[in-house]
Amino acid sequence: MDTARPRNLAGRSRRSMGAEMPRDPWKAVAGSHQESGAERQTTAADAEQPGPQTEELMEEVLHIENLLIALKKVTKKKKKKRKAPGVDGMTVKQLPGFLRREWPAIREQLLTGTYIPTSIRRKDIPKPGKGKGKRMLGIPTVLDRFIQQAILLVLTPIFDPGFSDHSFGFRPGRSAHQAVEQARGYMAEGYQWVVDIDLEKFFDQVNHDILMSRVARKVKDKRLLKLIRRFLTAGIMDKGIVTPRERGTPQGGPLSPLLSNVMLDDLDKELERRGHRFCRYADDCNIYVKSKAAGDRVMASLTRFLEGKLRLKVNQEKSAVDRPSNRKFLGYSVTRHRYPLVPRLRPAPESIRRAKDRIREITHKGRGRNIRKVIEDLNSYTQGWMTYFRLSEVVGEFKTLDGWLRRRLRKILWQQWKTPRNRQRKLLKLGVTSEMARRAKDTGRGAWWNAGSQPMNYGVSTFRLSQWGLLSLLQMHRTL
């Protein structure tokens with residue numbers, strides 16, 4: 001998430017800090033604005049001015065530039081992905097008009113500490129993989145999302161510089177790839193055992209009192225502290241019934257990722273104090289040690305720390321001390337190796353299974369569609385998948401997945417052709433000899449077997465599929 005902060009807000013005059021939203025916020029966000037109203041160049045005098053006083057952060061949250069950036073982030077459209085409305089049904093398109101009418105009253109409530117967030121809408125989504133249960137999302141109203149985004153823009157520069165260098169999740173300028181590469185570096189140094197800690201329902205189990213005590217270490221504005229707690233305790237609406245919330249920071253709001261890092265920063269500092277090699281991405285934490293005995297000791301002591309000090313529950317079934325090649329971290333695993341051999345990155349077996357499940361969904365829906373349209377949908381998915389797994393140094397899985405994917409497409413064609421006579425005619429048009437086409441139509445076997453047969457591989461060749469637009473995973477990996 002991009003959490004860029006408006007420049008020089010601390011150097012503004014108090015009069016400009018109290019400015020209201022412009023007459024048309026959406027127009028101001030969409031267009032460019034010159035200095036004298038919006039943004040001036042950084043000067044040496046600005047650089048020498050002290051940072052914002054954390055006792056007056058609400059004024060900075062409500063600063064015009066901060067609000068415009070927050071509004072742009074909330075209303076920014078994403079291709080094929082629209083943000084769902086909250087319990088009030090307001091969409092992001094309706095937000096600018098609503099703010100033009102209601103912002104002065106809302107701003108006054110925020111300044112006086114009387115603003116009450118609306119209940120969040122519950123939405124359960126399946127966890128990746130079959131039989132993994134569901135994950136709860138809490139979807140705030142678009143107005144609350146806008147206010148949370150404005151708060152996030154101000155709090156990120158305050159908290160992020162103090163976070164650990166071993167923390168990579170939901171931070172500007174950091175990524176999952178950096179975490180994976182750092183983990184691989186520890187393995188290459190000879191740390192061949194991993195303590196893989198899984199926190200049970202972390203986002204649903206965060207203790208509000210402990211979290212707010214961590215936030216209050218750097219935020220002294222009582223109005224802002226009260227507002228953040230109200231966002232945490234806002235009820236959850238499910239099927240028209242609002243349930244009070246006493247713990248957790250449900251995923252779905254802009255503030256949740258930052259608050260999760262604030263909560264787990266104590267864990268990072270404890271691991272650094274002990275001198276451990278570790279990588280953390282949100283609630284996914286791996287610690288690398290040189291022996292299983294050391295790993296068992298670390299697992300026991302960290303379980304006591306997490307459950308005693310932070311009141312977070314460690315999932316004993318999913319946590320383990322094991323070889324890195326038997327575990328996955330952010331979708332990646334590594335080859336088996338013995339030091340000083342360097343481990344090689346590869347997609348974890350579970351990541352391959354999930355990719356195949358998604359490809360099955362796409363190809364199953366394509367049984368009645370033009371094959372080129374199906375290929376377009378497949379390319380859209382596989383390009384994103386390969387971009388994420390471009391760090392992989394083992395390419396055998398990509399070659400195997402390529403062959404399996406092409407067979408899925410041939411199966412679709414075989415099913416679409418339906419009758420033996422039509423199948424023979426289609427194969428002849430694709431350049432298959434008459435004898436091969438005749439034998440193919442009379443096999444009496446199923447679609448999957450025929451999709452791997454010689455006539456189908458000859459007629460619907462790899463080259464022909466590439467002419468129809470199919471992208472090869474192996475070729476994409478080489479290019480990336």
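The values are calculated or read from the model by the stated rules, or taken from the named source; none is laboratory data. All figures in this text were calculated on a predicted structure; none of them were measured in a lab. All Cβ positions, glycine included, derive from the backbone under ideal geometry; neighbour counts span all protein chains shown. For accessibility, only protein heavy atoms count, side chains too; no ligands or nucleic acids. Shrake-Rupley method; radii C 1.70, N 1.55, O 1.52, S 1.80 Å.
Computed in the context of the full set of protein chains, the accessible area of segment 114-201 at 1.4 Å probe radius has 49% of its extent on carbon or sulfur. Neighbours of Ser392 by Cβ distance under 10 Å: Lys/Arg scored +1, Asp/Glu scored -1, total +1. In this Cβ point-charge picture (+1 for Lys and Arg, -1 for Asp and Glu), segment 317-372 has a dipole of about 320 debye about its Cα centre.
Is the shape of segment 364-414 rounded, prolate or oblate, going by the alpha carbon gyration tensor and its root eigenvalues a ≥ b ≥ c, with a/c under 1.5 for rounded and a/b larger than b/c for prolate?
Working: a/c = 4.09, a/b = 1.76, b/c = 2.32.
It comes out oblate by the Cα gyration axes.
For the chain, what does the convex hull of the Cα positions come to per residue, in cubic angstrom? Please list the in-between numbers first.
On the way: hull volume 95.6 nm³, N = 480.
Output value, Cα hull per residue: 199 Å³.
Rolling a 1.4 Å probe over the protein heavy atoms gives segment 128-235 an accessible area of 36 Å² per residue. Calculated FRET efficiency, Thr243 to Thr303, Cβ-Cβ distance, R0 = 25 Å: about 0.25 to the nearest 0.05. Classify segment 337-480: rounded, prolate or oblate, from the alpha-carbon gyration tensor (a ≥ b ≥ c, eigenvalue square roots; a/c under 1.5 rounded; otherwise prolate if a/b is larger than b/c)? The shape class here is prolate. Would you work out if segment 83-220 is rounded, prolate or oblate? Take a ≥ b ≥ c from the square roots of the eigenvalues of the alpha-carbon gyration tensor; rounded if a/c is under 1.5, else prolate when a/b is larger than b/c, oblate otherwise. Verdict is prolate for segment 83-220. Counted by Cβ distance under 13 Å from Arg297, the other residues give a net charge of +3, where Lys and Arg count +1 and Asp and Glu count -1.
Helix content alone sets the calculated 222 nm mean residue ellipticity of the chain: runs of n ≥ 4 DSSP H residues at -39500 (n - 2.57) each, divided across all residues, give -15000 deg cm²/dmol. For the peptides 158-164, 350-356, 279-285, 102-108, the ranking by mean Cβ contacts within 10 Å, running from highest to lowest, is 279-285, 350-356, 158-164, 102-108.
Of the DSSP H helices in the chain, those with a Cα length along their own long axis of 15 Å or more and a mean Kyte-Doolittle hydropathy reaching -1.0 comprise 64-75, 95-112, 142-159, 176-188, 222-233, 255-274, 292-308, 371-388, 396-417. Summing +1 for each Lys or Arg and -1 for each Asp or Glu among the other residues whose beta-carbon sits under 11 angstrom from that of Gln192 gives +3.
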